[in-house]
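Notes to accompany the following structure.
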């Protein structure tokens, strides 16, 4: 059983929901990421989504875009991200790590390191799952097979605009969990409509038999608690970035830990 599957199975047994924070690798300081990941776990996070910096992140709003630009300016690319995961794994062998990003860095990595090198090297570093925003299910069969061969889960996005056909396509190839985007638009945009999310999940679950996490628009304990009532996991990205983006280094870990503990308490209070 994969680390992701084991984590969700344990949470289901405990009747608890997964807290999945997102942070851009190499942000807000180039070398802080492994330390930040450990702090996230200590504060009650169950899975960590680690953003791979990219210059044109089409699904991300201005906050995460700016974080990615800063990380790129520090020289953080996919090779550095894998090294960060490996460093994190030296002290944590249990918490699942999911890389979230775009096709371009993956394809550039393979141009440098050879065909199929990404899945091999990601698995060797200790990555558990991959979410590539611009790889639709019908166009990534080879990539999906490479990940599966290396024991990695392939995670897909679903959205309010996803058709029944698209949901079925995703259900056939997705593993680990599915990430439901609660809003039309980019990360950090609009206000979360929890009623709409609650109505959207049953048609997804008709086909998708793995856990469903919900993200985009969750920014505090109240919205996390509301989503936690209906989803298997709560994903928080933009607000995590905002909590740490302007802080001096010594204040980053305490601020993020306090924020995530508050979210954890709200989820466990359901």
Close pairs from region 102-119: first at pLDDT below 95, partner in a helix (DSSP H, G or I), Cβ under 6 Å, at least 6 apart: 116/146
Residues of region 172-199 satisfying the condition of being at pLDDT 95 or above and not in a loop (DSSP other than H, G, I, E, B): 178, 179, 180
Unique residue being closer than 24 Å to residue 152 by Cα and in contact with a helix residue (DSSP H, G or I) (Cβ under 9 Å, 6 or more places away or on another chain) when the list is 77, 61: 77
Selection from region 140-167 of residues that are touching a helix residue (DSSP H, G or I) at 6+ places or on another chain (Cβ under 7 Å) and either without any contact (Cβ under 8 Å) to a residue 24 or more places away in the chain or on the phi > 0 side of the Ramachandran plot (or both): 151
Criterion (crowded, with 19+ Cβ neighbours inside 10 Å, within 23 Å of residue 135 (Cα to Cα) and in contact (Cβ under 8 Å) with a residue 40 or more places away in the chain) met by exactly one of 252, 234, 244: 234
Hits in region 70-91 - residues which are surrounded by fewer than 16 Cβ atoms within 10 Å (Cβ to Cβ) and either touching a residue at least 60 places away in the same chain (Cβ under 8 Å) or over 17 Å from residue 26 (Cβ atoms) (or both): 90, 91
Sole residue being within 17 Å of residue 241 (Cβ to Cβ) and in contact (Cβ under 8 Å) with a residue 60 or more places away in the chain, chosen from 62, 96: 62
Some residue of region 18-31 being surrounded by fewer than 17 Cβ atoms within 10 Å (Cβ to Cβ), in a helix (DSSP H, G or I) and either out of contact with any strand residue (DSSP E or B) (no Cβ under 7 Å at 6 or more places or on another chain) or touching a residue at least 24 places away in the same chain (Cβ under 8 Å) (or both): no
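The values are calculated or read from the model by the stated rules, or taken from the named source; none is laboratory data. Because the structure is a prediction, the values reported are computed rather than measured. Please note: Cβ atoms are built from the backbone with ideal geometry, for glycine as well, and neighbour counts cover all protein chains shown.
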